[in-house]
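This report refers to the structure that appears directly beneath it.
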Amino acid sequence: MNIGITCYPTYGGSGVVATELGKELAARGHKVHFISYALPFRLDGYRENIFFHEVELPDYPLFEDSLYSLSLTSKMVDVVLYDDLDILHVHYAIPHATSAYNAKLILNEQGRDIKIITTLHGTDITLIGLDPTLLPLVRFSIDKSDGVTAVSRFLREKTLTNFNLDRQVEVIPNFVNTDEWKRLDSTKLRAQFAPNGEGVMVHASNFRPVKRVTDVIRVFAQVHEKVPSKLVMVGDGPDRAEAERLCRELDICADVRFLGKQSALVEILSACDIFLMPSQSESFGLSALEAMSCGVPVLSSSVGGLPELNVHGTTGYISEIGDIDRMARYAIDLLSDRKKYDRFSRAARERAENSFSSRDIVPLYEQYYERVLNGQQ
Ligand code: GMT
């Protein structure tokens with residue numbers, strides 16, 4: 001199949017899922033054409049069957065705002081025609097589903113049909129998509145897609161209720177390549193993070209308010225009082241400065257490392273014991289899945305799709321949003337009981353392998369493509 005994929009290319013879960021999907025599809029022999037304003041950050045190195053089409057923006061003084069969604073439409077039309085695409089698969093509805101629908105209309109005028117699949121990821125449905133300035137267009141564009149997938153059951157329900165839609169939405173959960181995301185020998189890095197054998201907690205995100213990174217710091221401060229421990233913070237974003245300030249206020253800076261954006265996540269996760277995800281909203285929680293695949297149990301909040309991923313009392317623990325005391329108690333419990341910890345670590349890895357492995361999930365996308373192409377979605 002010839003598949004066009006559009007996604008946000010910078011840091012962010014929807015771009016990661018789109019890129020990993022493209023890589024997996026290319027490895028299975030499909031031709032995958034990424035269409036975006038920059039090379040997706042996980043698209044490292046040359047890969048057979050992968051092509052990148054950069055969307056260029058017109059530079060004209062009259063246009064105060066970027067006309068990205070329009071230029072994207074034009075590029076989609078070109079790529080569909082000249083690379084003979086079967087499917088345009090867009091990730092994150094805004095503005096990608098709209099650009100794709102416009103491309104479809106233009107192509108239809110030329111007698112060329114193209115099927116559009118929109119994968120919904122999170123705030124396109126739960127937050128920004130509901131803004132009155134966007135809602136009618138987002139609703140229309142989702143409804144006009146030939147196929148729609150959501151990354152969790154939670155997100156499918158939100159899509160249907162928030163947008164008052166009556167249409168089929170397929171749930172295809174996020175996935176991880178469990179052959180690549182697996183615990184490595186971490187002795188060296190572990191010795192740097194925790195030179196005296198302390199427990200190591202880790203958080204990785206874009207440090208947006210929705211991630212509640214200050215909860216991570218407060219949980220760690222409580223754990224640190226009871227159990228010798230360290231905290232590793234991976235990523236960057238608007239709330240990083242506040243998190244660093246809080247570390248100074250709580251006098252725990254010596255035990256917290258802010259690493260900023262990192263690509264060596266498997267190495268880092270392999271040197272850590274517990275992943276913290278206290279989010280305010282999370283339609284799936286891809287970085288928690290990546291941690292689980294590396295055998296790292298997850299302490300998460302109970303929001304959105306997280307309970308579909310993290311099994312309370314088995315692969316980690318779930319607490320109410322903002323229940324810092326409870327999260328800290330769970331962390332202390334796991335860090336103080338080696339046997340229990342090992343059980344959780346094994347269960348986390350098994351859940352990633354048995355329920356969310358790319359081996360099992362990517363074929364669901366291929367089957368869905370076939371169904372949409374045959375008009376049977
Ligand atoms: O929706 C967003 O906030 C952005 C999006 C992204 O690009 O990071 O994140 C969402 O998509 C991820 C991949 O499907 C999910 O793992 C995240 O849970 C989801 N974020 C939210 O729902 C806040």
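For this structure, a couple of remarks:
- Filtered residues of the stretch 174-186 (kept if out of contact with any Lys or Arg (no Cβ under 9 Å at 6 or more places or on another chain) and part of a loop (DSSP other than H, G, I, E, B)): ASN174, GLU180, TRP181, LEU184, ASP185, SER186
- Flag for VAL202 being among the aliphatic types (A, V, I, L, M), more than 22 Å from the chain's Cα centre (by Cα) and surrounded by 16 or more Cβ atoms within 10 Å (Cβ to Cβ): no
- Qualifying positions in the stretch 138-162 - more than 16 Å from LYS115 (Cα to Cα), buried (at least 20 other Cβ atoms within 10 Å of the Cβ) and either over 18 Å from the mean Cα position of the chain (by Cα) or of a type in the set (Phe, Trp, Tyr) (or both): VAL138, PHE154
- Of all the residues in the stretch 258-281, those that are within 11 Å of the ligand (Cβ to nearest atom), in a loop (DSSP other than H, G, I, E, B) and either of a type in the set (A, V, I, L, M, F, W, C) or within 23 Å of GLU244 (Cβ to Cβ) (or both) number 2.
- Residues considered: VAL169, VAL176. Of these, the only one that is surrounded by 15 or more Cβ atoms within 10 Å (Cβ to Cβ), within 15 Å of VAL90 (Cβ to Cβ), within 16 Å of the ligand (Cβ to nearest atom) and in contact (Cβ under 8 Å) with a residue 24 or more places away in the chain is VAL169.
- Once the stretch 1-44 is narrowed to residues that are closer than 19 Å to ALA150 by Cα and free of Cβ contacts under 8 Å to residues at least 40 places away in the same chain, the residue that is nearest to the ligand (Cβ to nearest atom) is THR19.
- SER205 being more than 19 Å from ALA328 (Cα to Cα), small (Gly, Ala, Ser) and either more than 16 Å from the ligand (Cβ to nearest atom) or in the same structural domain as ILE321 (by TED's automatic domain parsing) (or both): yes
- Some residue of the stretch 291-301 being assigned to a loop (DSSP other than H, G, I, E, B), in contact with a Gly (Cβ under 6 Å, 6 or more places away or on another chain) and away from the ligand (no atom under 13 Å from the Cβ): yes
- Taking the stretch 71-156 and the helices (runs of 4 or more DSSP H) fully enclosed by it, the elements with 3 or more residues that are within 14 Å of the ligand (Cβ to nearest atom) are at 123-126.
- Filter pass, VAL202 being free of Cβ contacts under 8 Å to residues at least 24 places away in the same chain and touching a helix residue (DSSP H, G or I) at 6+ places or on another chain (Cβ under 7 Å): no
- Selection status of ASN196, touching a residue at least 12 places away in the same chain (Cβ under 8 Å), part of a loop (DSSP other than H, G, I, E, B), more than 18 Å from the chain's Cα centre (by Cα) and under 30 Å from VAL296 (Cβ atoms): yes
- The listed residue being over 28 Å from LYS211 (Cβ atoms), surrounded by 15 or more Cβ atoms within 10 Å (Cβ to Cβ) and aliphatic (A, V, I, L, M), out of VAL55, VAL90: VAL55
The values are calculated or read from the model by the stated rules, or taken from the named source; none is laboratory data. The shown structure was predicted, so the numbers you read here are calculated from the model rather than taken from an experiment. Quick reminder, even Gly has a Cβ in these numbers, built from the backbone with ideal geometry, and neighbours come from all protein chains shown.
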